[in-house]
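Step one of this worksheet: look at the structure below.
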There are 2 protein chains.
Amino acid sequence: MFDMRLHHVAYVVPDLDAALPDFTGRFGMTEVVREVMDAQGVEALMMRAGDGFVELIRPLDPEGPIARFLETRGGGLHHVAYAVNDIARTLHGLAEQGVELIDPEPRVGLGGHLVAFIHPRSGHGALTELVQEAH
Amino acid sequence: MFDMRLHHVAYVVPDLDAALPDFTGRFGMTEVVREVMDAQGVEALMMRAGDGFVELIRPLDPEGPIARFLETRGGGLHHVAYAVNDIARTLHGLAEQGVELIDPEPRVGLGGHLVAFIHPRSGHGALTELVQEAH
């Protein structure tokens, strides 16, 4: 059994700067990190929202999956992320149980955290991220 | 400005009992409440997942919005919820700012919490719930 704690939800938006004031000024969240992530073809930012976080993602690559999500869904909730203590061990354990992993090994994600994605087919229809926080 | 903290994400699933072991046995979450909600035409349960919660919803009313969501999307992430201290005051303040509310006044939701929904058009594409916890 793995100890998964709700870590963040991520929205796809067309424009980070246009969306940001709703989450910070209106909803009282605090931006903690913002990065261009070339390998993913996105720019993303993370905000603290109480004990959890909220991520905003915009596409940079017009042919990438985030651009396609924005086109087909018009934005909205993109994934949910759970924090784990040992992401490599968790991934290996999940794979042994037949869980379909998009990233069989962790990679460095937004904010320097180790992250890996689980396929929605193994996530009850939700694209699911695991996060091992870099403290 | 409102102090919104990430509270839970909700999934629509066809069968609560079939989905539950993945979240509890595999992911280490703990079921805290389960209710048939006749007015919403659903059965729902909430699990603790660290500092936050995860909700599972299944349709009871085959003509209702949750059944339609399951049909069109095949399940998955349904909404995101943020905890607030004073939900009535928050709703009135959001309405004054032109935010489109599905529930202009709070109602009693799962676990006895006061809840209200914001329309996805005012939630960056995400159906958004506010929760004032009943302690």
Principal axis dimensions, the protein assembly as shown - Cα atoms, whole angstrom, descending: 46, 42, 34
Dipole of chain A, positive end: most advanced residue of A:Ala81, A:Leu101, A:Val32 [Cβ charges, Cα centre]: A:Ala81
Quarter of the Cα convex hull surface for the stretch A:13-75, i.e. its orientation-mean projected area (nm²): 4.3 nm²
Rounded to 5, the percent of DSSP beta bridges in the stretch B:5-132 classed as antiparallel: 75 percent
Cα long-axis angle, helix B:87-96 against chain B (0 to 90 degrees, to the nearest 10): 60 degrees
Within the protein assembly as shown, helix-based [θ] at 222 nm, where runs of 4 or more DSSP H residues each add -39,500 (n - 2.57), nearest 500: -5000 deg cm²/dmol
Dipole magnitude of chain B about its Cα centre (Cβ charges: Lys, Arg +1; Asp, Glu -1), debye to nearest 20: 300 debye
B:Val32-B:Arg73 pseudo-label distance in nm [points 7 Å out on the Cα-to-Cβ vector]: 2.2 nm
Length-normalised contact order for the stretch A:5-132 - Cα pairs under 8 Å, 6+ apart - percent: 25 percent
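Charges only on Cβ, +1 for Lys and Arg, -1 for Asp and Glu: so what's the dipole of the protein assembly as shown about the Cα centre, in debye to the nearest 20? Don't skip to the end; give the middle numbers.
On the way: 20 positive and 40 negative charges, 5 e Å.
In debye, rounded to 20, the protein assembly as shown gives about 20.
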Principal axis dimensions, largest first and in whole angstrom, of the stretch B:40-86 by Cα: 34, 22, 15
q = 0.15 Å⁻¹: log10 I(q)/I(0) that the Debye formula gives for the stretch B:67-124, counting C-alpha atoms only: -0.52
Distance (nanometres) between label positions extended 7 Å along Cα→Cβ at A:Ala95 and A:Glu63: 2.9 nm
Volume in Å³ per residue [convex hull over Cα atoms, computed for chain B]: 109 Å³
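Each reported figure results from applying straightforward, stated rules to the coordinates on display, with no laboratory input. Quick caveat: nothing in here was measured; it's all calculated off a predicted structure. Don't worry about glycine lacking a Cβ; one is built from the backbone with ideal geometry, like all the others, and counts go over all protein chains shown.
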